[in-house]
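Before any comments, here is the structure.
The values are calculated or read from the model by the stated rules, or taken from the named source; none is laboratory data. In this text the structure is predicted, and so the values were computed from the model without any measurement. Neighbour counts are summed over all protein chains in view; Cβ atoms, including those assigned to glycine, are modelled from backbone coordinates with ideal geometry. For the accessible areas, the whole protein counts, side chains as well, though only heavy atoms, and no ligand, DNA or RNA atoms are used. Shrake-Rupley method; radii C 1.70, N 1.55, O 1.52, S 1.80 Å.
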Amino acid sequence: MKYGIIGVGAIGGYYGSKLAYSGQDVHFLSHSDYQYVKERGMQVDSCDGSFHLDHVNVYQYAEDMPKCDVVIVGLKTTNNHLLPSLLTPLLHEHTVVVLIQNGIGVEADVQKMFPGVQLVAGLAFICSAKTEPGRVNHQCYGSINLGNYSCRDEAVFAQILSDFTAAGVACASVPYEEARWKKAVWNMPFNGMTVALNTRTDLLLKHASTRQLIRDMMMEVVSASRALGVNGVDEAFVEKMITMTDAMTPYSPSMKLDFDFHRPMEIHYLYTRPIELARAAGYRMAKLEMLEAELRFLSEHQQ
């Protein structure tokens, strides 16, 4: 299959490079890094083994790319208004689009933009960053779960799973709603708290007060998912996420990096949308509502 990558950052750059390194036909759309990657290739510094792609199919404009069987979108959701111009040239009648993006409600809004396109949610559990051209720093973890939102072609969905696995990426099919809310269990507390307190994940868990606050926020996500009738998100999963983060390399999540580099933060899908959905279902995420308010203040007063 022919893969297209939109958003060659910490996520799209890593997974796209893994697929390309394993021999898949991968095509990257890269604006800022285009000339660098064209001349020097892509470097992945990884805890699982570093590698370099000498020759990369890289393009500066979507119109120059071929039609793709699978398009992986690694853009921040703050740039989703660009999808009509970036994604449309890559689509053919049967293209499957994998949205490796944060938050709740992403697929519903993208489906409105592209009513007939087959969508899959990509839930990445990875510590990865990109702070210089053509280089991804993969620190730890790296698995990805795929939740089928509107993919009608079961054979293609299965092939995507197989291709990720063959590329050395642990990959599994999971129920869509459960997967999105499970990702929110980690994302909602840690992304915002590292910004609000100007800290890292490990320091939040080392202090007794903030460790309890993180657990409380995680349980708010669990309660919200239950109010919405989502199964499979429970207290045992909260403990799993805390244990996983205890073992994680000290890490600044994507929202903290966005704030530090004066980029827009993904507040809408990470906080506003799930908070609104929970409230409509009769449950208030009180601590996360406060965190959302703090993030909006910081976003509007960012220097």
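It is to be established whether one or more residues within segment 34-42 are over 16 Å from residue 135 (Cβ atoms) and of a type in the set (Asp, Glu). Within segment 34-42, not a single residue is over 16 Å from residue 135 (Cβ atoms) and of a type in the set (Asp, Glu). Against the numbered list (1) at pLDDT below 95; (2) surrounded by fewer than 19 Cβ atoms within 10 Å (Cβ to Cβ); (3) in contact with an Asp or Glu (Cβ under 8 Å, 6 or more places away or on another chain), residue 244 comes up short only at (3). Among the residues of segment 172-207, how many are among the small types (Gly, Ala, Ser) and either in contact with a strand residue (DSSP E or B) (Cβ under 8 Å, 6 or more places away or on another chain) or surrounded by fewer than 15 Cβ atoms within 10 Å (Cβ to Cβ) (or both)? Here the count works out to 3. Filtering 52, 27, 31 for residues that are in a strand (DSSP E or B), open to solvent by 20 Å² or more (accessible area, probe 1.4 Å) and not polar (S, T, N, Q) leaves a single hit, 52. Among the residues of segment 213-232, just one is over 14 Å from residue 290 (Cα atoms) and touching a Leu at 6+ places or on another chain (Cβ under 7 Å), namely 228. Scanning segment 77-132 for residues that are among the charged types (D, E, K, R), modelled with pLDDT of 95 or more and closer than 20 Å to residue 270 by Cβ yields 107, 109, 112.
Would you check which residues across segment 225-276 are in a helix (DSSP H, G or I) and of a type in the set (S, T, N, Q) and list them?
Residues satisfying the conditions are 225, 243, 245, 254, 272.
Search segment 38-60 for residues that are farther than 15 Å from residue 16 by Cβ and pair each with any residue that is open to solvent by 70 Å² or more (accessible area, probe 1.4 Å) and assigned to a loop (DSSP other than H, G, I, E, B) when their beta-carbon atoms are under 8 Å apart and the residues are at least 6 apart or on different chains. Pairs found: 60/31. Flag set for residue 250, criterion: touching a Leu at 6+ places or on another chain (Cβ under 9 Å), open to solvent by 60 Å² or more (accessible area, probe 1.4 Å) and not hydrophobic (A, V, I, L, M, F, W, C). Of the residues making up segment 189-221, just one is over 21 Å from residue 256 (Cα atoms) and touching a residue at least 40 places away in the same chain (Cβ under 8 Å), namely 220.
For first residues located in segment 1-18 and within 10 Å of residue 73 (Cα to Cα) and open to solvent by 10 Å² or more (accessible area, probe 1.4 Å), partners that are in a strand (DSSP E or B) and hydroxyl-bearing (Ser, Thr, Tyr) and lie 6+ apart or on another chain with Cβ distances below 8 Å form the pairs 11/128. When segment 124-165 is filtered for residues that are among the polar types (S, T, N, Q) and in contact with a strand residue (DSSP E or B) (Cβ under 8 Å, 6 or more places away or on another chain), the ones remaining, listed by number, are 128, 131, 137, 139, 143, 145, 148, 150, 165. In the set (1) open to solvent by less than 40 Å² (accessible area, probe 1.4 Å); (2) in contact with a Phe, Trp or Tyr (Cβ under 8 Å, 6 or more places away or on another chain); (3) hydrophobic (A, V, I, L, M, F, W, C); (4) modelled with pLDDT of 95 or more, the condition left unmet by residue 227 is number (1). Looking only at segment 158-171, residues that are part of a helix (DSSP H, G or I), surrounded by fewer than 19 Cβ atoms within 10 Å (Cβ to Cβ) and either within 19 Å of the chain's Cα centre (by Cα) or touching a residue at least 60 places away in the same chain (Cβ under 8 Å) (or both) come to 4 in all. Assigned to a helix (DSSP H, G or I) and surrounded by 22 or more Cβ atoms within 10 Å (Cβ to Cβ): is that true of residue 72 in this structure? Considered against the rule, which asks whether it is assigned to a helix (DSSP H, G or I) and surrounded by 22 or more Cβ atoms within 10 Å (Cβ to Cβ), residue 72 comes out as no.
If you go through segment 118-138, how many residues are touching a residue at least 24 places away in the same chain (Cβ under 8 Å), open to solvent by 20 Å² or more (accessible area, probe 1.4 Å) and more than 22 Å from residue 191 (Cβ to Cβ)? Residues in segment 118-138 being touching a residue at least 24 places away in the same chain (Cβ under 8 Å), open to solvent by 20 Å² or more (accessible area, probe 1.4 Å) and more than 22 Å from residue 191 (Cβ to Cβ): 2 in total. Test residue 210 against the criterion of being farther than 26 Å from residue 47 by Cα and open to solvent by 10 Å² or more (accessible area, probe 1.4 Å), and give yes or no. In short, yes.
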